[in-house]
Amino acid sequence: MAVNTPTPAATRSAALEPRDRARLITVTVSEVLCVLGTLLGVGVFGGQAVNQTAGGALSADATLLAPAGPAFSIWSVIYLGLAAYTLFQWLPSQRAAERQRRIGWLVAASMLLNAGWLLVVSFAPLWLSVVVIAALVLVLGLIIRELARTPSSGLLETIVVDGTLGLYVGWVSVAVCANVTAFLVAEGIRVEGFAGEVIAAAVLVVAALIAFLLLRASRGNLAIGAAMAWGVAWIAVGRLSGAPESLTTAIAALIVAVVIVVLTIAARAAAAGWPRSAH
């Protein structure tokens with residue numbers, strides 16, 4: 001007699017329910033709004049780009065923790081990935097998948113918060129941008145937790161879902177440090193000289209700690225480590241090649257970037273069960 005092997009909940013097909021259709025549509029509408037908010041934020045529809053708002057507080061040369069301009073090209077990859085995710089969730093095998101049910105509403109919320117952040121920095125006090133990006137980090141953290149709880153259905157899902165959302169949370173985790181610093185500087189809280197460099201280095205250490213926690217929670221999501229190392233490394237480039245110049249901050253950023261890479265490799269190895277005990 002044949003023995004039936006239980007199918008994992010994450011990959012088991014299920015009947016499409018009204019709430020699934022509502023989720024699919026909500027994610028799609030949120031993606032459209034996210035794209036429109038981004039186009040508005042970069043000045044496509046007129047007005048100032050993000051780096052010109054709030055008196056230039058969010059520009060690449062505003063603070064010691066501002067990444068150099070090219071770092072922000074990662075958004076192109078993230079937005080492309082979010083568009084791919086929006087299409088992926090509509091696949092017949094994914095519409096009612098448990099994994100998509102767990103993260104779909106959260107992904108939609110993250111898209112709306114992303115668009116909301118761009119609107120806030122353009123039309124509202126800068127302190128509100130800190131609240132919005134903190135909420136975005138929280139939502140993305142919940143997404144990573146859910147992804148770790150349920151396995152991917154295959155390579156395509158791993159790339160489109162885990163990869164995209166890993167880059168998303170990794171980059172935003174670096175961006176929140178720069179955002180908070182920009183707000184404090186815009187409010188007139190300036191710490192010059194060596195003391196400022198020490199504070200910047202301390203914040204970078206906090207970023208490394210955040211990387212450790214995220215990598216542990218995500219079971220070594222490579223995209224998280226890649227995005228965070230990318231962002232921190234571009235902070236180093238910014239401090240070596242433009243104002244405000246700071247060799248101390250640049251060295252600290254390079255060290256933290258290397259630490260994040262090592263943490264990523266270690267977390268990935270641990271998730272794979274390596275090294276295995278010899279028997």
Please list 3J(HN,Hα) in residue order for segment 120-126, calculated via the Karplus relation 6.51 cos²θ - 1.76 cosθ + 1.60 where θ = phi - 60°; whole Hz, with x for glycine and proline.
5, 5, 8, 10, 9, x, 5
For segment 106-244, projected area of the alpha-carbon convex hull averaged over all directions, nm²
9.0 nm²
If the viscosity is 1.306 mPa s and the temperature 10 °C, what Stokes-Einstein diffusion coefficient in µm²/s follows for segment 142-219 when Rh is the Kirkwood radius over Cα pairs?
110 µm²/s
Among Leu247, Leu209, Cys177, which residue has its Cα furthest toward the positive end of the charge dipole of the chain, with +1 on Lys/Arg Cβ and -1 on Asp/Glu Cβ?
Leu209
Please compute the per residue accessible area over the chain with all protein chains in place, 1.4 Å probe, rounded to a whole number of Å².
49 Å²
Per DSSP, loop chymotrypsin sites (Phe, Trp or Tyr not before Pro) in segment 68-165 with at most 14 further Cβ within 10 Å
Trp90
Under a point spin-label approximation (7 Å from Cα along Cα-to-Cβ), what is the Ala266-Ser152 distance to one decimal in nm?
2.4 nm
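Using a Förster radius of 45 Å, what is the FRET efficiency between Ile255 and Ala15 based on their Cβ-Cβ separation? Nearest 0.05, please. Before the final figure, lay out each step's value.
Numbers: r = 52 Å, r/R0 = 1.16.
Taking R0 as 45 Å, the efficiency between Ile255 and Ala15 is 0.30.
As a test of the formula, what do you get for the chain when each DSSP H run with n ≥ 4 contributes -39,500 (n - 2.57) and the sum is divided by the residue count, at 222 nm and rounded to the nearest 500 deg cm²/dmol?
Rounded to the nearest 500, it is -23000 deg cm²/dmol.
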Kirkwood hydrodynamic radius of segment 207-246 from all distinct Cα pairs, in Å?
11.0 Å
Length gain on complete extension for the stretch Arg145 to Ala22, per 0.36 nm per residue less the alpha carbon to alpha carbon distance?
42.0 nm
Using R₀ = 51 Å, calculate the FRET efficiency as 1/(1 + (r/R₀)^6) where r is the Cβ-Cβ separation of Glu187 and Leu87; round to 0.05.
0.75
Charge dipole of segment 125-213 built from unit charges on the beta carbon (Lys, Arg +1; Asp, Glu -1), centred at mean Cα; most positive-end Cα among Thr150, Trp127, Val139 is Thr150
Tell me, what does the Kirkwood hydrodynamic radius of the chain come to in angstroms if you use every pair of distinct C-alpha atoms?
19.8 Å
Extension gain (nm, one decimal) between Val206 and Ile159, 0.36 nm per residue minus Cα-Cα:
14.1 nm
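First compute the accessible area of the chain with a 1.4 Å probe, then give the percent of it belonging to carbon and sulfur atoms. Spell out each step's value before the answer.
Values: 9700 of 13760 Å².
Carbon and sulfur together cover 70 percent of it.
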Using square roots of five times the C-alpha gyration tensor eigenvalues, list the equivalent-ellipsoid semi-axes of segment 79-156 in whole Å, biggest first.
28, 14, 9
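The values are calculated or read from the model by the stated rules, or taken from the named source; none is laboratory data. A quick note: this is a predicted structure, and the numbers were derived from the prediction, not measured. Cβ: placed from backbone, ideal geometry, glycine included. Neighbour counts: every protein chain shown. Ligands, DNA and RNA are excluded from the accessible area calculation, which covers all protein heavy atoms including side chains. Shrake-Rupley method; radii C 1.70, N 1.55, O 1.52, S 1.80 Å.
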